[in-house]
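The values are calculated or read from the model by the stated rules, or taken from the named source; none is laboratory data. Computed from a prediction, not measured in an experiment: that's the story for all the values here. Ligands, DNA and RNA are stripped out before the accessible areas are found, and what is left, the full protein with its side chains, is counted by its heavy atoms. Shrake-Rupley method; radii C 1.70, N 1.55, O 1.52, S 1.80 Å.
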Amino acid sequence: MHDTHKLYSRSRPTTEIPDSQLCTVYQCNHIVDVISIQKRSRSISHYKRISKTHYCDVRTGEVFEYRKQEKRSQSLKDTFIQLRRLINNNFTGKHSELMLVLTYSSYMDNAEQLYQDFRKFWLRFKYHFPPSEYICIIEPQASGSYHLHVLVKAKDGSRLFVPKVQLDQLWGHGGTYVRRITDADNLGAYFCSYFTNLDYFEGTKLQEKYPSAKMLVKNARLRYYPPNLKIYRCSKGIQRPHPITLPFSEVKRLVGDSQPVRQAAKQIIAVDSDGTEHELNAVEYRQYNLKRKR
């Protein structure tokens, strides 16, 4: 019988990335994400997932067990990383872009029905505002009811203006809100904070009494997303970001005088059956905003 081991990740202090280190780079307009994996396609590549709870070292045949952790929460965080990059790759706060909020006048917790309602809305919207593209995101409330945030843009770059009265008519299921986003230089991070962080007072009488009072709890909203919920959808014209591989010396030339606006590091740790821990790999993350110079 094979020994059973555990694998997990943990945060660690950031370190300098060597100039020769190959990095995975996502450039989404002026936002640049850099991921440096210390051992690329070496030790970690020898591990193959064989089930939801176990993986195998293909060199030795040993079976390992993932350390129990909040896998749903991590999966959602990964989804929002993808969403953040998708937004930054397509929206920068131009006059051709708007944010819409579509709400229901009654309780709505049926995601399939919600997306059906949105598809019909979008057909009507495109009839009046062609040609347009969208990213549509579900936001669950503390009550369990859903509403939609929709980023829309005119493909030809022309100024997009949607009167609220007309938007109310096109939606037809409840209230709407429309505004232009001009106060953020990282729209992906700006919007994803909406969908992950939670106002501590949301759904309470205090929120009704003091609507301007907010106490945001980081990632607290994640628990309201049910399993298998498709959190966002987008139209065909939305461009997905594609990574490139560069040595870190080239990354430094790419970002110029910009300093990281966010950085983090983590270790991938294996635990032997006798409890001994050893590092399998290490990952460094940097994010640069090219609009923010030193």
request  = Determine the percent antiparallel among the DSSP beta bridges restricted to the chain, to the nearest 5.
outcome  = 95
request  = Please calculate how many Å² of accessible area the chain carries per residue, with a 1.4 Å probe and no DNA, RNA or ligand atoms counted.
outcome  = 56
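As a quick test, which of the pairs Lys164/Lys236; Lys77/Lys218; Lys218/Lys252 have an alpha carbon distance above 23 angstrom in this structure? The partial results should precede the final answer.
Values: Lys164/Lys236 26 Å; Lys77/Lys218 12 Å; Lys218/Lys252 31 Å.
Exceeds cut-off: Lys164/Lys236; Lys218/Lys252.
Relative contact order of the chain: what whole-number percent is it, with Cα pairs under 8 angstrom and at least 6 residues apart?
Details: 519 pairs, mean separation 91.9, N = 294.
Computed value for the chain: 31 percent relative contact order.
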query = Direction-averaged shadow area of the convex hull around the Cα atoms of the chain, nm²?
reply = 19.0
note = GNM on the chain, Cα springs under 10 Å; top mean-square fluctuation among Phe91, Phe161, Phe195 goes to Phe161
